[in-house]
Amino acid sequence: MSSRKLIVGNWKMNTTLSEAIILAEGIKEGLSTHQVAGIDVVLCPPFPWIVPVAEALSRHRLAHLKVGAQDVSWQEEGTYTGEVSAPMLKGLVDYVIVGHSERRQHFHETDQEVLAKVRLAIKFGLKPILCVGELKPGSIRLAIEQLEAVIKHLTKAEREELVVAYEPVWAISKGKSHADAVGSSQAEQPVSASGLSAQSVANQLRQLLPTSTPILYGGSVSAENAREFLTQPDIDGVLVGGASLKVSQFIAICRSAIN
Ligand code: PGA
């Protein structure tokens, strides 16, 4: 279990350059204004905005506000058109999301590729946020299998570097905040996991991990429900999609991690 809460914003394939800068600056200002301290906050913009967002954050830098990437290549270098490697990201970001369910689903990422990404991230000094999650409510076997498929190949030292995000696939992008942020009128009713069910899975995942591993919950986290997750004993933070695109929502989530 980690002593500091970790709040990660996954912007996915959203924002123009100017929207990204406004969002990053708004979050930085919100964290300062509300004196949100004692937690770590990571913003994961799309690849092309990583450098300008990092530059925007570097003016009057907040030590606990960091930048992450949404993915990394499974290869270190070479003839892989369109890929972005861990050595390219080294020095630009501190964290990288790996094995997100959208990548597993749309890009058919396998456990072997996810493992390779995790290892390369660690090799180049990046903290991998390994996402695992079951497809349907109630059948958590897949989440456990996805975690086991990676950690059984990692050394003890590599395991110490992991952050794990439990993201039930059925709960992703279902919240009201998602509809508000991305402008969809089709959003279904919120169906995030309950705090207690997420805690139960987080506890099972923890049995497989070093005690210090931060475990995040993700899936329709909002300003309204964040506290329900953040107060669970085995949940060390949240991975936020839709609600990370609105300054007020995201700051409210960060604030619920401290009081
Ligand atoms: P959501 O996304 O908060 O919009 O459900 C979470 C995620 O996919 O990481």
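The values are calculated or read from the model by the stated rules, or taken from the named source; none is laboratory data. It should be emphasised that the depicted structure is a prediction, and the values quoted were computed from it without experimental measurement. For neighbour counting, all protein chains shown are included, and Cβ atoms are generated from backbone atoms with ideal geometry for every residue, glycine included. Quick note on the areas: whole protein, heavy atoms, side chains included, nothing else; ligands and nucleic acids left out. Shrake-Rupley method; radii C 1.70, N 1.55, O 1.52, S 1.80 Å.
Some observations on this one:
- Taking only protein heavy atoms and a 1.4 Å probe, the accessible area of the chain is 53% carbon and sulfur.
- Cβ-Cβ FRET estimate between Gln204 and His106, R0 fixed at 30 Å, reported to 0.05: 0.65
- Entries of Lys5/Lys174; Lys90/Lys156; Lys28/Lys152; Lys28/Lys174 with Cα pairs more than 30 Å apart: Lys28/Lys152
- 10 Å-binned pair-distance histogram of region 1-99 (Cα, whole percent): 15, 47, 29, 8, 1
- Distance cut-off 26 Å, percentage of C-alpha pairs in region 38-189 lying past it: 31
- Rg(Cα) / (2.2 N^0.38 Å) computed for the chain, rounded to two decimals: 0.93
- Here the chain is treated with +1 on each Lys and Arg Cβ and -1 on each Asp and Glu Cβ, and its dipole about the Cα centre works out to around 420 debye.
- Per-residue [θ]222 nm for the chain (sum of -39500 (n - 2.57) over DSSP H runs n ≥ 4, rounded to 500): -10500 deg cm²/dmol
- Placing a label point 7 Å from the Cα of Met13 along the Cα-to-Cβ line, the residues of region 68-102 whose backbone N sits under 19 Å from it are 69-74, 81-85, 97-102.
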